[in-house]
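Report on the following structure.
The values are calculated or read from the model by the stated rules, or taken from the named source; none is laboratory data. If you're wondering where the values come from, they're calculated on a predicted model, not measured in any experiment. Note that we place each Cβ from the backbone using ideal geometry, even for glycine, and neighbour counts take in every protein chain shown. Accessible surface areas use protein heavy atoms only, side chains included; no ligands, DNA or RNA. Shrake-Rupley method; radii C 1.70, N 1.55, O 1.52, S 1.80 Å.
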Amino acid sequence: MKKLLISLYVLMGYGTICAQGLPTDGPLTLRPLLQQLGERLLKGKTGSIVAINPANGEIICLATNTPKGRDVRQAIGVPREPGSTFKTAQALTLLSEGIVDMKTTVACDNGITDGNIKVGCHKHRSPLGVTDALAQSCNTWFLMTFASMINDDFMYESKEEAITRWRSYMQSMGLGGPMHIDIQGEQGGLLAGVDYLNRRYKKGWDGKTIWWAGMGQGDVTCTPLQLCNLAVTIANRGWYYIPHIHKNTKNQRYLTKRQTKVAHKAYGPVIEGMYMAVEKGTAAGIKTSYPICGKTGTVENAGKDHSAFIGFAPMNAPKIAICVYIDHGGFGADMAAPMAGLIIEQYLKGTLSPKSDRRANQIEGMKLQTR
């Protein structure tokens with residue numbers, strides 16, 4: 001039956017996907033029904049849907065679309081600002097370094113003002129701890145705590161040491177550079193380091209100069225593949241296999257378990273925050289009977305904002321990790337999160353409920369601007 005489904009999928013356009021950068025040699029790990037649903041949801045949009053099996057690093061969905069058709073570079077070769085999805089990695093780093101703990105709270109009155117700069121935030125109660133800051137995606141919490149890490153002259157001898165330490169955590173989670181997956185065209189991304197910051201900010205820099213990275217904007221970019229792998233590391237509580245698309249690979253690169261630098265104790269609060277984001281936070285629209293952990297991202301842009309989401313499910317026995325990134329899709333909760341919820345349901349349940357299928361039809365019919 002599986003071979004029949006794959007054969008049918010080839011007839012339905014799989015060869016065309018391969019022409020846009022996916023390998024054609026040997027059996028692939030992609031799940032045909034997920035690919036079909038992903039392509040259905042991406043119609044009329046520019047973006048990508050990446051899903052990985054956390055247990056083994058197999059890429060089970062790699063759907064992309066552009067005005068010119070499918071292009072795998074949308075998922076692996078075009079680093080983008082991650083927006084608030086990146087707050088998960090920030091929280092893991094801050095907790096690991098002891099910059100914050102479960103008692104750390106930050107006040108937020110609809111945002112933060114610093115001189116002529118005003119950064120807005122969702123309306124929520126105040127102050128918030130780390131778990132609620134993730135659930136409510138509080139910009140103020142992450143801007144201030146990240147800046148405090150870089151400016152902490154007690155923990156670190158210099159801001160250069162602080163940013164280097166921060167960067168090492170991010171790299172251990174698969175961010176900042178190519179992971180050397182088995183698909184051509186992979187690109188890395190940007191993680192602000194000392195040399196880069198000295199070149200960009202010739203008059204000097206500190207935590208306030210680069211605090212935008214605290215909320216996934218500014219001096220940080222990632223590919224959707226990397227963001228999906230970030231979700232894998234959280235689902236697995238600190239480890240991952242390099243994502244790969246060739247089934248039954250014998251290459252030890254893809255069979256070697258890799259550990260992050262994150263302290264094990266940091267995962268509990270972050271996972272709880274992601275769970276609460278779906279239960280009653282920014283991603284509550286995809287709440288379902290099985291526990292999904294997720295983080296929305298709304299990426300500020302010259303035109304309409306980009307919509308992003310990362311997550312995994314189920315919470316304590318993860319079988320799928322996902323990243324959805326839609327250009328000009330607006331709030332992460334409006335476009336990316338519902339698409340992720342449908343992909344997760346298809347994978348865990350084997351089919352969409354009638355209600356979910358109607359939602360998929362609605363999303364399929366949405367056409368977004370291309371710039």
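Assorted remarks:
- Its Cα centre serving as origin, segment 37-166 has a Cβ charge dipole (Lys and Arg +1, Asp and Glu -1) of approximately 920 debye.
- Listed residues F154, F142, F331, most fluctuating in the chain (Gaussian network, C-alpha, under 10 Å): F154
- Simple rule: put +1 on each Lys or Arg Cβ and -1 on each Asp or Glu Cβ in the chain, find the dipole, and look at G69, T221, S96; the Cα lying farthest toward the positive end is G69.
- Distance from the alpha carbon centroid of segment 234-277 to that of segment 318-349 works out to 19 angstrom.
- Taking each residue as 0.36 nm, the span from N316 to D206 lengthens on full extension beyond its C-alpha to C-alpha distance by 35.7 nm.
- Among K247, K367, K349, K295, the sequence by solvent-accessible area, most first, with a 1.4 Å probe is K367, K349, K247, K295.
- The value for the chain of Rg(Cα) / (2.2 N^0.38 Å) is 0.95.
- Span from the segment 28-42 Cα centroid across to the segment 148-184 one, whole angstrom: 34 Å
- Split the chain at each of the GluC sites (Glu not before Pro) in a DSSP loop with at most 15 other beta carbon atoms within 10 Å, and the longest piece is 1-156.
- Cleavage-rule hits, trypsin sites (Lys or Arg not before Pro), segment 21-50, DSSP coil, Cβ neighbours within 10 Å at most 14: K43
- Paired Rg and Dmax values of segment 121-192, which use every Cα atom, in angstrom: 16.0, 47
- In the elastic network of the chain, a GNM with C-alpha springs shorter than 10 Å, the most mobile of Y240, Y169, Y201 is Y201.
- Convex hull volume per residue for segment 174-300, taking Cα atoms only, in Å³: 159 Å³
- Over all orientations, segment 10-149 has a Cα convex hull whose mean projected area works out to 11.9 square nanometres.
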